[in-house]
Ligand SMILES: [Zn+2]
């Protein structure tokens with residue numbers, strides 16, 4: 001919803017879309033509970049507008065405003081980086097949990113494998129198995145020769 005504002009421009013902050021900027025609360029570790037304005041749209045549709053509520057509003061001077069806008073964009077980028085870092089911290093915790101779960105599974109499997117190896121070794125040592133002959137391989141070769149002849 002865009003409500004046209006006839007009164008003084010500098011009174012109400014507008015985002016790049018031209019919509020009245022929305023006051024929000026920062027949740028980043030760097031700026032916890034700091035108030036800021038940004039686009040009123042949903043997080044995925046937001047324009048790049050960002051403005052700390054405790055920093056100077058638009059001056060009306062184009063160059064100063066543009067500089068402020070660039071500075072705000074830098075702040076927003078830092079904020080986003082902070083958020084990404086935070087997200088990765090969460091992921092790191094999940095990954096570490098998964099890793100330790102996998103590691104314990106792996107050690108269980110390794111223990112089972114060792115047990116199986118021991119049993120195989122014991123079985124081999126107790127009843128002597130006949131060694132595997134080569135004759136099966138020569139059988140295959142004979143079969144191949146027959147196939148070639150029939151073609
Ligand atoms: Zn916007």
Q. Here is a list of conditions, (1) out of contact with any helix residue (DSSP H, G or I) (no Cβ under 6 Å at 6 or more places or on another chain); (2) closer than 24 Å to residue 90 by Cα, and residue 68 meets all of them except one; can you say which number that is?
A. (2)
Q. Quick one: which of 111, 123 is at pLDDT below 85, surrounded by 10 or more Cβ atoms within 10 Å (Cβ to Cβ) and farther than 20 Å from residue 50 by Cα?
A. 123
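The values are calculated or read from the model by the stated rules, or taken from the named source; none is laboratory data. Note that the structure is predicted; figures quoted are calculated from it, not measured. Neighbour counts run over all protein chains shown; Cβ positions are idealised from the backbone, glycine included.
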